[in-house]
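Asks: Here's a structure for you.
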Amino acid sequence: QVQLVESGGGLVQPGGSLRLSCAASGSIYSIDVMGWYRQAPGKQRELVATITNTGSPNYADSVKGRFTISRDNAKGTADLQMNSLKPEDTAVYYCNVEAQLLSPWARRAYWGQGTQVTVSS
């Protein structure tokens, strides 16, 4: 029905930057909210940032001022620009999409497979 492809994770030194990308495809009528979540070892998955289809962002307090989420509605993509990375940002990052499907006519949420971000010297 809906496929999410994530890219851009990797290893970076503290203070460095990474850009994550998520592309949604499939039987989609519209995408309401796109977002990024993360899960560190031994911890629960937590919200990093979300963005509505009108471009309104929402950030976790821990990333405000360092991370920027953006989306391209025409392409069905959402990017997360991560600057001033800290070791505590190390986690698996997951893309999440809330979409209105064409067939069946239903609203569903989907998760990507996850991409590892490691911040270490």
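The values are calculated or read from the model by the stated rules, or taken from the named source; none is laboratory data. Keep in mind that this is a model prediction, so the values were computed, not measured. Here Cβ is always computed from backbone atoms with ideal geometry, including for glycine, and neighbour counts include all displayed protein chains. Side chains included, ligands, DNA and RNA excluded: accessible areas come from the protein's heavy atoms. Shrake-Rupley method; radii C 1.70, N 1.55, O 1.52, S 1.80 Å.
Asks: So which residues in segment 57-72 are outside any loop (DSSP other than H, G, I, E, B) and either of a type in the set (D, E, K, R) or farther than 14 Å from W36 by Cα (or both)?
Replies: R71, D72 - these are the residues of segment 57-72 that are outside any loop (DSSP other than H, G, I, E, B) and either of a type in the set (D, E, K, R) or farther than 14 Å from W36 by Cα (or both).
Asks: In addition: When only residues in segment 41-51 that are farther than 16 Å from F67 by Cα and either surrounded by fewer than 14 Cβ atoms within 10 Å (Cβ to Cβ) or polar (S, T, N, Q) (or both) count, which is nearest to the chain's Cα centre (by Cα)?
Replies: Once the filter is applied, the top-ranked residue is Q44.
Asks: Would you say V117 is in contact (Cβ under 8 Å) with a residue 60 or more places away in the chain and open to solvent by less than 10 Å² (accessible area, probe 1.4 Å)?
Replies: yes
Asks: Next question, about the same structure. Can you tell me which of (1) of a type in the set (S, T, N, Q); (2) part of a loop (DSSP other than H, G, I, E, B); (3) surrounded by 15 or more Cβ atoms within 10 Å (Cβ to Cβ) is the one T54 doesn't meet?
Replies: (3) is the only condition that T54 fails.
Asks: I want to confirm something. Restricting to segment 1-18 and keeping residues that are of a type in the set (V, I, T) and over 16 Å from L101 (Cα atoms), which single residue is surrounded by the most Cβ atoms within 10 Å (Cβ to Cβ)?
Replies: Within segment 1-18, the subset of a type in the set (V, I, T) is 2, 5, 12.
Subsequent filtering for residues that are over 16 Å from L101 (Cα atoms) retains 5, 12.
Working: V5: 14, V12: 18.
Of everything passing the filter in segment 1-18, V12 is surrounded by the most Cβ atoms within 10 Å (Cβ to Cβ).
Asks: Which condition from (1) over 18 Å from L4 (Cα atoms); (2) of a type in the set (F, W, Y); (3) in a strand (DSSP E or B) is the one that W36 breaks?
Replies: It is condition (1) that W36 fails.
Asks: Kindly provide the set of residues from segment 19-31 that are at pLDDT 95 or above and open to solvent by 30 Å² or more (accessible area, probe 1.4 Å), ordered by number.
Replies: Within segment 19-31, R19, S21, A23 meet the criteria.
Asks: Residue pairs, Cβ under 9 Å, 6 or more apart or interchain, first in segment 1-17 and within 15 Å of T118 (Cβ to Cβ) and among the small types (G, A, S), second open to solvent by 60 Å² or more (accessible area, probe 1.4 Å) and part of a strand (DSSP E or B). List them.
Replies: G8/R19; G9/Q116; G10/Q116
Asks: Could you tell me whether any residue of segment 53-67 is within 16 Å of T115 (Cα to Cα) and charged (D, E, K, R)? Explain how you work it out, then say what you get.
Replies: Kept after step one, since they are within 16 Å of T115 (Cα to Cα), are these residues of segment 53-67: none.
No, segment 53-67 contains no residue that is within 16 Å of T115 (Cα to Cα) and charged (D, E, K, R).
Asks: In segment 73-107, which residue that is hydrophobic (A, V, I, L, M, F, W, C) and either outside any strand (DSSP E or B) or out of contact with any strand residue (DSSP E or B) (no Cβ under 8 Å at 6 or more places or on another chain) (or both) is surrounded by the fewest Cβ atoms within 10 Å (Cβ to Cβ)? Outline the logic, then answer.
Replies: Taking segment 73-107 as the starting set, the residues that turn out to be hydrophobic (A, V, I, L, M, F, W, C) are 74, 78, 80, 82, 85, 91-92, 95, 97, 99, 101-102, 105-106.
Narrowing further to those that are either outside any strand (DSSP E or B) or out of contact with any strand residue (DSSP E or B) (no Cβ under 8 Å at 6 or more places or on another chain) (or both): 74, 85, 102, 105-106.
Details: A74: 6, L85: 22, L102: 13, W105: 8, A106: 11.
Filtering first and then ranking leaves A74.
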